[in-house]
Each structure stands twice: as structure tokens, then as C-alpha cells.
Amino acid sequence: MTGSTGPERNAADAGQHLTADLPAYRRAVRAFIATEPGLKRWSHACYPSTEVHMSEHAALMAVLYRSGWNRYGWPDAAGGLGGDERHRAVLYDELSAAAVHIPEQQMLLETLGPALLRFASALAVQFLPAYLAGREWWAQCFSEPEAGSDLAALRCRARREGDTYVVSGQKIWTSHGATARRLICLVRNGSAESRHRGLSMLMVDADSPGLSIRPIALASGQNELAEVFFDDVVVPASRLLGRHDEGWHVAMYLLQFERAMYAWLSATVAARKLRELRDAILATTELPDGGVRRLGECYADIVTLKARSAETVRRLAAGDTVGPEASIDKVLLATAETSLHDLYRDLLPAQFLFGDTATASRWRDDWWYSRASTIMGGSAEVQRGIIADRVLLLPKERGS
Amino acid sequence: MNSPATGLDADSRKEIAASLRQLFEQRTESHDVATLLAEFGWADVLAEDPCAAINLLFHEQGRAVAGSRALDDVVLAQLPHIEATARRRAVVYPHPLGAVLSRPRDGALRGIVLGSLDDVEDAVIPHTRPDGTVAVAVTPAAELATAAVPLGGFDQHTGWRTISGSRTTDGHTVSIGPAWDLAVAAGRRALAAEILGVCDAARELVVAHASARMQFGRPIGSFQAVRHRLAEAEVAMAGARSVLGAAWQDPAGPSGVWTAMIAKLRAGHAQAVLMRHAVQTLGAMGLTRESPLHRYVERAAALDALLGGHRALTEAVGSALLGGTEADFELP
């Protein structure tokens with residue numbers, strides 16, 4: 001399935017033109033989505049399991065890669081066609097506006113891709129093209145059973161031995177962990193007391209000897225998350241992102257994309273789902289008390305998130321470093337996600353609680369997953385602490 | 001996402017904001033804001049970058065909890081249908097507790113003016129015609145003056161007045177069609193900026209208090225319960241600022257009216273969140289006249305009510321969505 005409007009059919013200078021001219025890129029993406037009948041497969045789709053979901057969305061990645069549209073925003077050397085974060089943002093916006101799914105894989109691509117480009121360009125050249133093409137995807141291994149909100153307490157050991165690291169320990173709450181081809185792991189090379197100083201970031205192949213992965217079923221039954229066990233897993237030192245001891249710095253760089261680009265991506269998805277919810281409400285006879293106001297409120301939450309993360313996307317595209325204020329984006333994201341899924345639950349209680357359609361089932365799964373929005377990537381409490389300390393400059397909490 | 005090539009840069013904006021802040025401090029009964037602005041050369045700033053200028057002016061007006069007729073200028077600038085004259089005019093705004101628009105045709109006029117009618121010649125009264133279109137009546141103020149009474153209530157210092165009763169003549173009526181929507185949108189952007197200005201001043205006050213006030217041997221701002229309240233308020237304010245920023249990007253564009261409504265809604269929401277937490281954080285002091293906080297609480301509430309309070313607008317957005325509005329916020 002090759003879109004007739006795909007950029008690979010255009011002259012090279014046409015591609016350059018789209019790199020420089022964002023409105024033209026938007027029009028071209030829109031035209032592609034409108035004229036590519038194959039994309040219907042990813043409209044209003046429901047999947048029986050996370051595994052099927054991921055493999056279906058990998059097929060969508062492949063379509064977007066072949067037609068070129070998900071390559072904008074990434075450098076040529078890493079399989080891209082040039083452009084910046086705004087190109088990626090426009091693609092997400094246009095897919096969602098046309099009620100087409102955004103591949104799940106884009107979520108971690110947004111989080112991990114920029115860090116790889118910045119801190120391990122050789123690895124980016126080697127592996128990013130396969131990610132963009134949907135042939136593989138990666139997971140982020142940060143949390144541990146004893147290190148959640150207190151990330152700097154992590155203990156998963158990486159012992160340097162010649163040109164390799166030997167990794168032992170455990171990671172948990174890894175999104176896409178059960179299907180990912182590679183894992184970006186924050187590991188401890190220093191002493192346990194070294195906190196955020198003695199950490200390094202490694203890319204580890206999921207099929208490495210000594211590495212085992214166990215899916216964790218969410219309450220919905222879906223294997224959205226996994227735990228990962230490392231038993232003397234040997235990793236070449238060439239798989240470092242950044243330098244030895246620089247892991248915390250890489251993690252902080254990465255988190256600004258998680259808090260900003262991922263927020264924008266999720267906002268466009270939330271806008272699509274709200275339209276879907278609106279249509280479902282219109283098809284029912286009665287709206288509970290306060291339903292109209294709740295709908296308006298949720299819409300305003302999503303618009304606010306979009307307005308805020310649009311600014312952040314622009315700043316990232318301009319090469320700015322986004323500091324602690326990205327926690328504001330993260331809180332707005334969590335607010336929009338929880339309010340959207342609570343809205344379905346509260347306005348269509350019969351469907352949510354007892355509906356036996358695939359759509360009802362998907363909303364239930366998504367409701368459970370939306371509860372993660374105030375936990376993952378730094379809990380709601382951690383984000384508010386960052387805002388209090390570093391945006392409002394309030395006195396520190398005792399013990400911190 | 002391209003920022004306009006022309007207009008005021010960040011440094012000029014800072015300078016203008018500082019000058020405006022001074023200007024609002026200098027105002028007196030006899031030397032009002034309009035006079036000071038004219039001396040400052042406001043017309044030039046406005047001509048160079050109207051969006052930034054209006055945003056700055058109203059933000060500072062909010063910070064100072066000041067009153068002026070500036071909103072009338074913003075609204076009237078969107079109504080070119082009314083013949084330009086040198087006559088001073090005041091807009092009669094829909095009363096927040098009444099119908100959407102004042103309805104002088106029914107004989108029952110109810111509205112709000114931003115100040116006394118003694119020093120204006122005409123009242124500009126928007127109203128809905130029987131066929132549903134919007135028109136404005138331009139009526140000599142003298143014929144309404146007897147009914148313009150100071151509006152007290154929660155905020156005793158707005159300077160606003162209510163007009164109620166029936167008019168003696170129809171004055172000069174002009175159909176304005178969708179221009180009224182644009183005028184309301186312009187007014188809402190200005191009011192959103194003003195509300196956020198009030199919020200900024202209140203936030204400074206409450207952060208300073210939380211940092212200085214000691215209990216149990218430490219500043220109360222080091223307690224998580226207080227910190228999280230104030231962080232929550234900061235999120236609401238930052239979100240509202242971003243929506244307003246988006247609303248200023250293309251005010252005359254196809255979604256300008258819609259975005260202005262969301263901007264006003266979010267500013268109203270932000271003040272509600274901030275003021276609730278601010279009053280609690282200031283303890284008993286927060287509900288006295290000893291602290292200036294009450295003035296911020298009251299002014300923000302009054303501004304929220306003008307041209308649609310945040311709850312009413314939220315309801316209106318929900319209804320519009322159910323009515324099939326497909327408006328989305330595109331990455332500009």
C-alpha cells in the first residue's frame with residue numbers, strides 16, 4: 001500500500017520544501033490521509049489483546065514509513081526526511097483529526113528517539129530506521145520494585161568488564177515490555193549511595209541471554225506492562241547512551257520529551273476519543289444531570305493541554321531546553337486523560353459497566369490504562385512537588 | 001506555529017508592561033487611566049501590535065485591580081458599522097444575571113456599564129431582534145442616565161453601574177450581524193488577560209505568605225498539602241495563559257470566536273481554583289480587610305461574570321459540541 005501522494009514519489013527538492021514549509025506539510029499529510037483507503041483499517045479498530053494491538057499498529061508504522069509521512073521530524077541519517085518536532089506533531093494532529101489511530105509505538109519513539117539521537121548518534125543511525133518502519137520497537141526500563149517515584153534509589157547493577165557491562169537486577173512497570181525488541185535501561189554502575197550520580201543508560205536487546213520478561217496483566221486483563229529480570233546480561237559498552245555515569249542526565253533529557261511531545265500526541269488522541277464519545281452520547285436517549293457541562297469541561301481540558309503542549313513543541317523545535325515547567329504539561333495531560341475516561345464511565349454507565357460490545361470493552365481497558373496517567377513518568381504528586389519547588393520557588397519540603 | 005514576523009518583541013513587551021504598571025500606580029481621581037495612557041502614547045503601541053498591546057494593558061489593569069473604560073474601546077473597535085464620531089460612547093453589557101443580551105425592544109432594558117454615564121454622550125446597546133439577528137441601538141446617554149446606578153455586590157470597587165428600566169426612544173439602531181460575536185470575542189480575550197493579571201498579583205501574595213509564615217517551626221509553604229494546592233493553581237493559570245496565547249494568534253480567523261470563548265472560560269476557571277486555594281493558604285488573614293487578597297478574590301469573580309462566567313461558558317461549549325460543532329484546536 002503506497003500512497004500516491006507519498007513524498008518518495010516526489011523529487012528530492014519537494015521533500016525539502018515540506019521540511020521547510022510546515023503548512024504545506026500539513027496539507028500534504030491531510031491529502032494523503034484523505035486519499036489512502038487502506039487507513040480505514042486503523043479507524044475505530046478494537047483489539048482483543050495488547051499483542052495484537054501492537055502488531056496491528058506496527059503495520060500502520062510500516063504504511064506511514066513507506067509513504068514517508070512518519071519520517072518527517074527525524075534526521076536523514078537516522079532514516080528520517082528532515083524537519084523538526086513540529087512535523088511529528090502535525091502528523092499526530094492530522095491522523096487523530098481523521099479518526100485514524102496513532103501507532104502505539106510512536107509513544108515510546110517520542111520518548112526514546114530524541115535521547116538516542118542526542119546521546120548515541122551511532123545507535124540512532126543503526127536502529128532508528130527499523131523503528132520508524134515498524135520492524136521493531138523499544139521499551140523504557142526505569143522503575144524498579146524499590147524505586148518508583150524515588151527513581152534515584154534504583155539498584156539494577158551494571159558492572160563494567162572490559163568493553164562490556166554485565167547487568168543484574170530487575171525492572172518493573174515497563175510499557176510495551178512484553179513485545180519490545182530493545183530496552184533502554186537506566187542502571188547503576190556506582191555504589192548504592194551514589195544516587196543520581198552513579199547511573200548509566202544502556203540499550204539492551206530483549207533477546208540477550210540471561211534476560212527474561214514477564215508480562216503484568218492490568219485489571220483489564222491486558223498485558224500493557226511487564227517486568228524484566230536481568231541475570232548477568234552482557235551488554236557491549238557501545239550500547240551506552242551518553243557517557244558512563246551520565247545516565248541521570250540522559251534520563252532528564254528524555255523526560256522533557258515524555259512530558260511534552262507525548263503530551264501533545266496524547267492530546268490529539270484524547271480529542272479524537274472525545275468526538276467518539278460525543279457521538280455515542282448523541283446516540284443515547286438521556287444524558288445524566290450535569291452531562292453537558294462535563295462534556296464542555298472535558299473539551300476545555302483537552303484544548304488547554306493542546307495549547308500548552310503546542311507551545312512546548314515549538315520550544316523543543318527551536319532547540320530550547322524545557323525545564324521543570326514541563327511538569328505543568330504532564331499535570332494537564334493527566335487531568336485530560338482521567339477526565340475523558342471518567343466522562344465515558346459517568347455519562348454512559350450502562351455501556352461502561354455492562355456493555356458487551358468491543359467498543360465498551362475497549363473503553364473499559366482504556367479507563368484502567370488512563371489511571372496510569374497520574375503515575376507513570378513521575379506521579380501526580382512528584383509533578384506537583386517539582387512545580388512547587390522549581391516553578392513557584394516555595395520552601396522545600398522537610399527531608400528533601 | 002509561525003509567530004508573526006512583526007509586532008513587539010519580548011524586551012519591548014517587558015518595558016511596556018513596566019511602564020503600564022507605573023501608570024496604574026500613578027492614577028488618581030482626576031488623572032484617570034485614559035488620560036495617562038494618552039500621555040504615554042498608547043495609540044502608537046496599539047497600532048504597532050494591537051494583540052500584544054491589549055493583552056499587556058488588561059493584564060496590568062488586572063494586577064492593579066484598576067478600573068477603566070478600556071474594554072469599551074476594545075469592543076467598539078469591532079463594530080465599524082456604527083458611524084464614527086467624536087462623541088464618547090459607553091457599551092451596555094449584558095447583565096450577567098439576565099438574558100444573553102439586553103432586550104430594549106421588550107421595553108425591559110437590563111445591562112451593565114463600566115462607569116458613570118455623566119461623561120459619555122451615547123450608550124451603545126446590543127440587543128437581539130425578533131428575527132434573531134443582533135443589532136445595536138446608539139442612544140443618547142442623557143435619556144438613560146437616571147437609571148444608571150452604582151453596582152455594588154461582592155466587589156464594591158468595580159465602578160460598574162447597572163442600567164434597568166425602559167428607554168424613552170429607540171435611538172439610532174444598526175444591524176451588525178456576526179460583528180457582535182467578534183466584539184464579544186475581543187472583549188473576552190481582554191477580560192481573560194485581566195483575570196490572569198489579577199491572578200498573578202494574588203499568586204505573588206500567596207507565595208510570599210506561604211514562604212514567610214512559620215508554623216511548627218517551618219514555613220507553611222514547605223508542607224505538602226499547601227504546596228500541592230498552589231501547584232494546582234499554577235497549572236490552572238499556566239493552562240489558561242496558553243489558551244489565551246492561542247486565542248491571540250489568529251483572532252480574526254475562522255476559530256477566533258470559539259477560541260476566545262475557551263480562553264475566557266479557562267481564565268475564569270483558573271481564578272476559581274487559585275482564589276479557593278489562596279484564601280485557605282492565608283488562613284484567617286485571607287478573609288479580612290487587613291490583607292489585600294479579598295480585593296483579588298472579588299475582582300476576579302466580577303470579571304469572570306462579565307461576558308459569560310466560566311460555568312455558563314462550559315455549559316455553552318458542551319451544548320455546542322452536542323449540536324455538532326466540530327471545532328478543534330489545531331497546532332497553529
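The values are calculated or read from the model by the stated rules, or taken from the named source; none is laboratory data. Everything numeric in this text was worked out from a predicted model, so none of it was measured. Heads up, the Cβs are rebuilt from the backbone with ideal geometry, glycines too, and the neighbour counts pull from every protein chain shown. For the accessible areas, the whole protein counts, side chains as well, though only heavy atoms, and no ligand, DNA or RNA atoms are used. Shrake-Rupley method; radii C 1.70, N 1.55, O 1.52, S 1.80 Å.
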Neighbours by Cβ (under 9 Å, 6+ apart or cross-chain): first from segment B:217-241, more than 26 Å from B:Arg189 (Cβ to Cβ) and more than 7 Å from chain A (Cβ to nearest Cβ); second surrounded by fewer than 21 Cβ atoms within 10 Å (Cβ to Cβ) and of a type in the set (Asp, Glu):
B:Phe223/A:Glu397
Could you say whether any residue in segment B:102-114 is among the hydrophobic types (A, V, I, L, M, F, W, C), in contact with a Leu (Cβ under 9 Å, 6 or more places away or on another chain) and modelled with pLDDT under 80?
yes
Could you pull out the residue among B:Arg241, B:Arg266 that is open to solvent by 60 Å² or more (accessible area, probe 1.4 Å) and under 19 Å from B:Leu313 (Cα atoms)?
B:Arg241
Counting residues that are under 22 Å from A:Thr179 (Cα atoms) and at pLDDT 95 or above, which helices (runs of 4 or more DSSP H) fully inside segment A:1-111 reach at least 3?
A:50-66
Give the residue, chosen from A:Leu353, A:Leu295, that is open to solvent by less than 10 Å² (accessible area, probe 1.4 Å) and either among the small types (Gly, Ala, Ser) or in a helix (DSSP H, G or I) (or both).
A:Leu295
What pairs can you find where one residue is in segment A:350-365 and under 14 Å from A:Leu277 (Cα atoms), the other is open to solvent by 20 Å² or more (accessible area, probe 1.4 Å) and of a type in the set (D, E, K, R), and their Cβ atoms are less than 6 Å apart, with a gap of 6+ or different chains?
A:Phe352/A:Arg345
Test: B:Asp181 is under 30 Å from B:Thr85 (Cβ atoms), touching a residue at least 60 places away in the same chain (Cβ under 8 Å), surrounded by fewer than 24 Cβ atoms within 10 Å (Cβ to Cβ) and of a type in the set (D, E, K, R)
yes
Based on this model, can you work out whether B:His294 counts as within 12 Å of chain A (Cβ to nearest Cβ), out of contact with any Phe, Trp or Tyr (no Cβ under 9 Å at 6 or more places or on another chain) and either buried (at least 21 other Cβ atoms within 10 Å of the Cβ) or not acidic (Asp, Glu) (or both)?
no
Of all residues in segment B:276-299, how many are assigned to a helix (DSSP H, G or I) and touching a Leu at 6+ places or on another chain (Cβ under 8 Å)?
9
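Among the listed residues A:Ser309, A:Ser327, A:Ser361, identify the single one that is outside any loop (DSSP other than H, G, I, E, B) and either away from every other protein chain (no Cβ under 13 Å) or acidic (Asp, Glu) (or both). Break it down stepwise before answering.
Details: A:Ser309 fails: either away from every other protein chain (no Cβ under 13 Å) or acidic (Asp, Glu) (or both); A:Ser327 fails: either away from every other protein chain (no Cβ under 13 Å) or acidic (Asp, Glu) (or both).
Only one candidate passes the filter, namely A:Ser361.
Given the criterion out of contact with any strand residue (DSSP E or B) (no Cβ under 8 Å at 6 or more places or on another chain), within 8 Å of chain A (Cβ to nearest Cβ) and among the polar types (S, T, N, Q), identify the matching residue among B:Thr314, B:Thr325, B:Thr288. Give the steps one after another, and end with the answer.
Numbers: B:Thr325 fails: within 8 Å of chain A (Cβ to nearest Cβ); B:Thr288 fails: within 8 Å of chain A (Cβ to nearest Cβ).
Being out of contact with any strand residue (DSSP E or B) (no Cβ under 8 Å at 6 or more places or on another chain), within 8 Å of chain A (Cβ to nearest Cβ) and among the polar types (S, T, N, Q) holds for just one of B:Thr314, B:Thr325, B:Thr288, which is B:Thr314.
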Among (1) out of contact with any Phe, Trp or Tyr (no Cβ under 9 Å at 6 or more places or on another chain); (2) part of a helix (DSSP H, G or I); (3) within 23 Å of A:Ile386 (Cβ to Cβ), where does A:Leu316 come up short?
(1)
Pull up segment A:59-78, narrow it to residues that are open to solvent by less than 10 Å² (accessible area, probe 1.4 Å) and over 15 Å from A:Ala28 (Cβ atoms), then point me to the one that is nearest to the other protein chains (Cβ to nearest Cβ).
A:Trp74
If only one of A:Leu333, A:Leu392, A:Leu348 is open to solvent by less than 50 Å² (accessible area, probe 1.4 Å), within 13 Å of another protein chain (Cβ to nearest Cβ) and over 30 Å from B:Gly217 (Cα atoms), which one is it?
A:Leu333
